Ligand SMILES: NC(=O)c1ccc[n+]([C@@H]2O[C@H](COP(=O)([O-])OP(=O)(O)OC[C@H]3O[C@@H](n4cnc5c(N)ncnc54)[C@H](OP(=O)(O)O)[C@@H]3O)[C@@H](O)[C@H]2O)c1
């Protein structure tokens, strides 16, 4: 059986994901939907997609499509997911999953009620290096993990209308970049007992930089930093009682990491991304759908909801709200 994909939107990540789909088995990219026919046609021509829709609604209602990958700005994810699920489609939705936990809970409840597959496209978790890193952690070589720290920053050109800075589209560093260290923390430790965070809000009212400490009942600590103002190495360190794992750069899509033990010994690991990093999350969706499952054990929906709650707590501490969102 072949799983037939539709892609909603034609921006940067839609294109990268379409490239990744070329490496996925049992899968076909059959449709694209855009707000304009011209963008749909251009995108479809690049990827040889037969069904080209001039609205998201037409894509959601395309009877040839099994699963829709949503690649719109985060401020649109909630309504886009509801539309697809109500049309009976399975859904893979880009991070940040929604603007807040209330929206996420509603979408998850709808998917469960309709018995449709739903997953947040947190691609990092499916990459070969991260899968192997988790295996090494489970082997106990660095002992009990007690702390995690990671940063993700990059300085885009300032444009108040772009999705990165416009509050109506879910702008700010947290939902775009900070979600990676927050999600990685959740993968390692689950939901914290307490969060202490601070942010610098820019002239459009979104967080330009933020830092958060996540505190667990047994004393584990995680520290996350994200910024739209700096150019960072985007490192991560997972620290245990017997040693640590370091990801020296771009921890959100690593191909290498090092295991460094108390005695100073060091082992470097390399797990290349073959083809395109987005193929792995897409392959997971295909495999779960073929197995008749409604969510992924690697990125479960209850965890996506917890991640949104963690980010709500941070934004509440800064007094940062998105317009027209409860
Ligand atoms: N996983 C990753 O590595 C990764 C990387 C980058 C982004 N993302 C996520 O993917 C999503 C999209 O990011 P992107 O970088 O692809 O953004 P982008 O290049 O700006 O593209 C967003 C697309 O969404 C559609 N759209 C719908 N309403 C829009 C609006 N009001 N303003 C602008 N575009 C609108 C447009 O497609 P049409 O014109 O065809 O309708 C547009 O091309 C975000 O949630 C982001 O967090 C993930």
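The values are calculated or read from the model by the stated rules, or taken from the named source; none is laboratory data. These figures come from a predicted structure and were not determined experimentally. Every residue, glycine as well, gets a Cβ built from its backbone with ideal geometry; the counts of neighbours run over all protein chains shown.
Checking the conditions here, which among 291, 282 is within 21 Å of residue 17 (Cα to Cα) and not assigned by TED's automatic domain parsing to the domain that holds residue 146? Steps first, please.
Values: 291 fails: within 21 Å of residue 17 (Cα to Cα).
The unique qualifying residue is 282.
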Exercise. Does any residue of region 1-23 turn out to be in contact (Cβ under 8 Å) with a residue 40 or more places away in the chain and farther than 27 Å from residue 253 by Cα?
Worked result: yes
For this session: Tell me which of these residue 73 doesn't satisfy, since it passes every other one: (1) under 24 Å from the mean Cα position of the chain (by Cα); (2) surrounded by fewer than 21 Cβ atoms within 10 Å (Cβ to Cβ).
Result: (2)
For this session: Please give the number of the condition residue 184 fails out of (1) under 28 Å from residue 326 (Cα atoms); (2) assigned to a loop (DSSP other than H, G, I, E, B).
Result: (2)
Exercise. Name the strands (runs of 3 or more DSSP E) wholly within region 189-293 that hold at least 2 residues that are surrounded by 21 or more Cβ atoms within 10 Å (Cβ to Cβ) and either free of Cβ contacts under 8 Å to residues at least 12 places away in the same chain or under 23 Å from the mean Cα position of the chain (by Cα) (or both)?
Worked result: 194-201, 207-215, 221-227, 236-240, 243-247
For this session: Report whether or not residue 75 is more than 14 Å from residue 7 (Cβ to Cβ) and in a loop (DSSP other than H, G, I, E, B).
Result: no
Exercise. Consider residue 10 against the criteria (1) under 22 Å from residue 123 (Cα atoms); (2) touching a helix residue (DSSP H, G or I) at 6+ places or on another chain (Cβ under 7 Å); (3) outside any loop (DSSP other than H, G, I, E, B): it satisfies all of them except one. Which criterion is unmet?
Worked result: (3)
Exercise. Does region 84-100 include one or more residues that are buried (at least 20 other Cβ atoms within 10 Å of the Cβ), away from the ligand (no atom under 12 Å from the Cβ), under 19 Å from residue 175 (Cα atoms) and modelled with pLDDT of 95 or more?
Worked result: yes
Problem set entry | Any hit, region 56-72, residues being assigned to a loop (DSSP other than H, G, I, E, B), in contact (Cβ under 8 Å) with a residue 40 or more places away in the chain and near the ligand (Cβ under 8 Å from one of its atoms) | yes
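Please specify each residue of region 294-326 satisfying the condition of being under 20 Å from the mean Cα position of the chain (by Cα) and not in a helix (DSSP H, G or I). Steps first, please.
As a first pass, look at region 294-326 and keep what is under 20 Å from the mean Cα position of the chain (by Cα): 294-315, 322.
Residues satisfying the conditions are 294, 295, 296, 297, 298, 299, 300, 322.
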Problem set entry | Filter result (buried (at least 19 other Cβ atoms within 10 Å of the Cβ) and not in a loop (DSSP other than H, G, I, E, B)) within region 105-124 | 107, 108, 111, 118, 119, 120, 121, 123, 124
Exercise. Can you find even one residue in region 20-43 that is modelled with pLDDT of 95 or more, within 28 Å of residue 172 (Cα to Cα) and under 17 Å from the mean Cα position of the chain (by Cα)?
Worked result: yes
